[in-house]
Amino acid sequence: MAEGNVQGPSEVPDELKDTVTLTTLEKMIEAMGDLLSPVVSPIANAARSNSVWPLTFGTSCCAIEMMSVGMSKFDISRFGSEVFRATPRQADMIITAGTITRKMAPALITLYEQLPEPKYVIAMGACTVTGGMFNDSYSVVQGVDRIIPVDIYLPGCPPRPEGILDALLKLQQKIRTESYAERKKKKYRQNAVRYVDYDTGRPLEDLVDEARYETALALDPLKSLQESK
Amino acid sequence: MSETPAAKPPEEPKGPGLCGQFLKDHGIATTRLPDSCGVETIEIDGAHLEAAMKLLRGSSEIKLDYLVAVSGVDSADTFDSVYQLWSYSNNNELIIKVRVKKTDVVEGQLPLVPSLSRFWSAANWHERETYDLVGIRYYGHPYLRRILNVWDWDGHPLRRDYKQLVDALNDKAPGSFR
Amino acid sequence: MATDTEVDLTPRLKTDEMLINMGPQHPATHGVLRLILTLDGEIVRHTEPILGHLHRAQEWQGQNRTWFQYQALIDRVDYLSGMFTSWAMARAAEVVDGCEVPERAEYLRVMVSEMNRITSHLLWLGTYLIDLGAMFGFPFYPFREREKLLELFEEIAGQRMMFNYIRIGGVMRNPKDAWLSKLKKFTEEFPDRVDEYEAIVTENPIFLKRTKGVGILRKELGMDYGITGPSIRASGVNIDLRRTKPYSVYPKLKFDVPVNDRDGDTFDRYIFRIREMRQSNEIIKQCLDMLPQGEISGKKQIAGLRVKAGEGFAAVESPRGTLGCYIISNGSDRAYRIKWRNPSFCNLSILPELLKNHPIADVMAIFGSIDVILPDVDR
Ligand code: SF4
């Protein structure tokens, strides 16, 4: 994510051209800029907030509670989250239900990046908030916010289905109050916070650093040794 | 309830047990270890493991037909590979241990134990798991690759001297949670 | 792939095998299993399961936490049947420690575990039908009954899924009389509900088409792979620890273990789980009648809980099969080594054999029928 790459709010960054499409309505909103945004945003937001469709993403125990919330007793479709979609292209948010491990992290990042904008994340369960019960396990990522941006944190191990409904309502509130123009100004939040390598389970940036250091060492052993001192 | 036999202090067992005797009759030497909670436990040399298993599984009087689990243990001065065997037809149990002394392991290499997976399919994944977590190399295994951790993981987590990786994904000092 | 036309089509088209990656995020893998399938046309020739996407280091935690802390963690080994994981470890620790378990506690253990077996099978039933494509509608029924049991669990253990109810030496809490009568009411109406499911599913022609004769598991093969639980009983091996290696108060209870008389297919594995639910219901009824008064724990539930030095293996019959726990204790407040023998891990290892030469459409029907739960595989 190049920091110096400042873009106007109405432009889609080049590298995202294929994933982000602006509808005519959105283009109009943008053209009118801040002027019309206070009028149109609430309408668009109201529509958007009442049809947040989640992705079926569940890795472990919390997923069972997520399943219960879709079933007869709690029935999440009363709140507009009609169906759980199996593909990220059709979903608006991820409920990260269950522990994310180093091996699973790359898959979650891919899914997150495949969601079309605007996209939201509810970190469900202690495991995805901080690592939870398995906080100090060698193979667990200590909170999904280390790999993707999170909107709502929902603690509990597992949270009750009512908790999930509450988180959903909070998310709806957030969507309703946010200004679309503002969201654009903050850049498209397309990217993950950090990438993870599937084969080693380590952050990509560490591997790159290591590789750089090794090349430098190979090219000029003395100098890099001095630098490292 | 009297279903749990009281654990006695491990006393020296007298003579070989049922399975030990059976193996002795067929010319395989075993050492009897203290029973673990009433189950006969024997130690066997790695070289005889496969032959012994074949006998125990094939004979009609013992017929240990379920390989329940293979566990690896990093004991004080040995690496143990522990096999839990059950008999479905004879309602019998046996624990076999193969021990590799830590002093025998070449520096920088893993302890070696023969693999059972060619002859007993259940052993396949159990051995891969033990290789992954405890770091015992089962020679003769058709596909000895890490099964639970990522493929290029460093170290074997259930070793006593395992040092946890600290990076941006997992940076709590181990044990800080307690 | 035989055609009844006379034309020979075989050698003209050059065909190649195709690799398909399935998962780790797939709605029907019940979590995070990754399968690499080698296809020849529509037919699966080879499967490589890749596990460990949910490896949470349970065994490592076992030797780093005190016994008391670890008791709370092990419900997460198999979250659909947390009672059984607690029970397996409690039994192993009791065998090593030699402590007595009061009779009332044993009855309560049997009771809550059988309730747990029902919830686990109900969830399996619901999700299995989703796997087969009955996306909406039917799965609501099993969840209805499941919620009733979860409410009872919540009342007695304080949690819907992570009970931490069975402790080393006994159980955690005494049920109230109102709870017992609620459970009694549930057991009375439950058989009717099972009839309801059977009326919808068992003779449904689509269901029969998808499951009959699919994924036949040979008895010898199953034993070679160490398969346990309903999956192998549906193939004619009578291995049920409640009868073959009786523990707790099971010898005093009357119940059948349904066992098939031939090599079972996917449909058999379904029908045997349904029968098992009925039996579990019977067991709960008997326990309710026989429940004695008395203590509920033979060991003080304190943070400094210790287990005497020694080693031992104990297993219970979980809804998925033999759930074993191998403990080595050195007498301190932590275990020296805890090894789990998970039924799902062993049952899953047969998947490549079962999928061989089946069309790709059957992959989920077969995978669902062996009832694997991923944290139980990966720990
Ligand atoms: S928060 Fe608790 S219930 Fe949820 S995935 Fe983690 S351990 Fe399981």
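The values are calculated or read from the model by the stated rules, or taken from the named source; none is laboratory data. Bear in mind that the values here come from a model prediction, so they are computed numbers and not experimental data. Cβ atoms come from the backbone with ideal geometry, glycine included; neighbour counts cover every protein chain shown.
Note down all Cβ pairs under 7 Å where the first residue falls in segment A:80-109 and is at positive phi, the second is crowded, with 24+ Cβ neighbours inside 10 Å and modelled with pLDDT under 90, and they're at least six residues apart or on different chains.
Once the first residue is at positive phi and sits in segment A:80-109, its partners that are crowded, with 24+ Cβ neighbours inside 10 Å and modelled with pLDDT under 90 give A:Gly98/A:Gly58; A:Gly98/A:Thr59; A:Gly98/A:Ser60; A:Gly98/A:Cys61; A:Gly98/A:Cys62; A:Gly98/A:Ala63; A:Gly98/A:Gly125; A:Gly98/A:Cys127.
A:Thr110 is checked against (1) in a helix (DSSP H, G or I); (2) near the ligand (Cβ under 10 Å from one of its atoms); (3) within 10 Å of chain C (Cβ to nearest Cβ); (4) among the polar types (S, T, N, Q) and fails just one. What number does that condition carry?
The single condition A:Thr110 does not satisfy is (2).
Identify the single condition in (1) under 21 Å from C:Arg160 (Cβ atoms); (2) among the small types (Gly, Ala, Ser); (3) modelled with pLDDT of 85 or more; (4) touching a strand residue (DSSP E or B) at 6+ places or on another chain (Cβ under 8 Å) that A:Ala126 does not satisfy, given that it satisfies every other one.
The one condition A:Ala126 does not meet is (4).
Could we say that A:Ser72 is free of Cβ contacts under 8 Å to residues at least 12 places away in the same chain and within 24 Å of B:Leu148 (Cβ to Cβ) here?
no
Counting only residues that are part of a loop (DSSP other than H, G, I, E, B) and more than 9 Å from chain C (Cβ to nearest Cβ), which one in segment A:64-83 is farthest from the chain's Cα centre (by Cα)?
Ranking the qualifying residues of segment A:64-83, first place goes to A:Asp75.
Keeping to segment A:45-63, report how many residues are away from chain C (no Cβ under 14 Å), surrounded by 17 or more Cβ atoms within 10 Å (Cβ to Cβ) and not in a loop (DSSP other than H, G, I, E, B).
Total meeting the criteria: 3.
In contact (Cβ under 8 Å) with a residue 12 or more places away in the chain and on the phi > 0 side of the Ramachandran plot - does that describe any residue in segment C:314-324?
So far as segment C:314-324 goes, yes, one or more of its residues are in contact (Cβ under 8 Å) with a residue 12 or more places away in the chain and on the phi > 0 side of the Ramachandran plot.
If I filter segment B:126-133 for residues that are surrounded by fewer than 17 Cβ atoms within 10 Å (Cβ to Cβ) and either more than 26 Å from C:Asn347 (Cα to Cα) or within 10 Å of chain C (Cβ to nearest Cβ) (or both), do I get at least one hit?
No, every residue in segment B:126-133 fails to be surrounded by fewer than 17 Cβ atoms within 10 Å (Cβ to Cβ) and either more than 26 Å from C:Asn347 (Cα to Cα) or within 10 Å of chain C (Cβ to nearest Cβ) (or both).
Using beta carbons and a limit of 9 Å, which pairs, at least six apart or on different chains, have the first residue in segment A:143-165 and outside the structural domain of A:Gly125 (by TED's automatic domain parsing) and the second one within 11 Å of the ligand (Cβ to nearest atom)?
If the second residue must be within 11 Å of the ligand (Cβ to nearest atom), no pairs are left.
How about segment B:74-178: which strands (runs of 3 or more DSSP E) wholly inside it have at least 1 residues that are closer than 26 Å to B:Cys37 by Cβ?
Fully inside segment B:74-178 and qualifying: B:78-86, B:93-101, B:112-114.
Taking C:Ser81 and the conditions (1) closer than 12 Å to C:Asn342 by Cβ; (2) within 11 Å of the ligand (Cβ to nearest atom), which numbered condition does it fall short on, given that it satisfies the others?
Against the list (1) closer than 12 Å to C:Asn342 by Cβ; (2) within 11 Å of the ligand (Cβ to nearest atom), C:Ser81 comes up short only on (2).
Out of the residues in segment B:98-125 that are farther than 21 Å from B:Gly58 by Cα and of a type in the set (D, E, K, R), state the one that is surrounded by the fewest Cβ atoms within 10 Å (Cβ to Cβ).
It comes out as B:Glu107.
Given the structure, is C:Glu353 surrounded by fewer than 22 Cβ atoms within 10 Å (Cβ to Cβ), assigned to a loop (DSSP other than H, G, I, E, B) and of a type in the set (Asp, Glu)?
Judged against the criteria, C:Glu353 is not a match.
For segment A:151-166, which positions are surrounded by 18 or more Cβ atoms within 10 Å (Cβ to Cβ), over 16 Å from A:Met93 (Cβ atoms) and more than 11 Å from the ligand (Cβ to nearest atom)?
Within segment A:151-166, just A:Pro161 meets the criteria.
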